[in-house]
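Asker: Let me begin by handing over the structure; questions about it come next.
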Amino acid sequence: MITAAKTLRLVALLLPLYGCGQTPTAPLTPQVSTSVSNDIIIQNFDIIGFGNKFTTRRHDHVRKWKAPIRVGLQSGYYAPPFLENIVSEHIDTLRELTGHPIELYYSLSKQKNGTLGDQFNQKNVNLIVYYYPSSEIFKKVGRYFDNDPDLVQYHLDNAACFSKIFTRKLEIVAGFIVLPSNHPNRTIRACFVSQLTQIFGLANDSDLVRPSIFNDGIPEASLTEHDKWMIRMIYDPRITAGMPRELAIDMGRKILSEIRPEGD
């Protein structure tokens, strides 16, 4: 069993994803590439990277990770075989897109198989994925919601999944994702993909952004090409944690012109 690191007492930002509340009726397949201009990607970066649809307050600075991300999958005996595959697959996708170090550091199966490694230390986990029945979620994360069961229940009632990040001077240093186990497998997949991507610093979602994992109204199980360019851009080292919004947008435009000249 892993426990949250002390860094989880830092400034927090809740990222509920209400669009995952409905189970898609159509099969979830990888998004076919849809051509969008660099200007549209920059416009959507402004919406997703700096907006907040719940408070309507715009963030003025970039939030992103600097330290390696070590994911702990906490599920006890409830974890189905597919779950670790979903988690590992999207971790690999984001590592490839961003170049940022991220790994599945702990899971019950890794512990049982003896593959945690000699250097394993549960204190190194800085991103926890909770997969439990809804009835057990409060026991797992209630301390991050002032031990208020009504507040946790509100998020369970209004979202299929939700997450929280913790920042220090605009650097994301820790976080967690809640995946209630009562949802269908394809909902769990779509939720995890969207939540982990948002935890990378693209925290908002909007019906104006499409086709995209950040659009609640159009369920996606995989990152679209649009999303991939956005995540590549924000993890270019020239965009730094704490960079002012205006400078980040200007730098993002320059980066896209270099890595995606056909979009100009």
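Nothing in this text is a laboratory measurement; each read-out follows from the coordinates by a stated rule. These numbers come from a predicted model, not from an experiment. Neighbour counts run over all protein chains shown; Cβ positions are idealised from the backbone, glycine included.
Asker: With labels modelled as points extended 7 Å from the Cα through the Cβ direction, what inter-label distance (nm, one decimal) is found for residue 122 paired with residue 88?
Answerer: 2.3
Asker: Per q in 0.09, 0.14, 0.18 1/Å, what log10 I(q)/I(0) does a Debye calculation on the alpha-carbon atoms of region 53-205 return?
Answerer: -0.28, -0.71, -1.20
Asker: Now for a different question. Let's test the formula: R0 of 30 Å, r as the Cβ-Cβ distance of residue 115 and residue 185. What FRET efficiency results, to the nearest 0.05?
Answerer: 0.80
Asker: I want to check the label-to-label distance for residue 150 and residue 240. Put each point 7 Å from Cα in the C-beta direction and report it in nm to one decimal.
Answerer: Between residue 150 and residue 240, the simple spin-label model gives 4.5 nm.
Asker: Under 1.5 on a/c is rounded, so check that first for region 140-264, then, if it is not, pick prolate when a/b is larger than b/c and oblate when it is not; a ≥ b ≥ c are the square roots of the alpha carbon gyration tensor eigenvalues.
Answerer: The shape class here is oblate.
Asker: Moving on. Which whole-number percent of Cα pairs in region 151-217 have a distance greater than 19 Å?
Answerer: Value for region 151-217: 37 percent of Cα pairs lie more than 19 Å apart.
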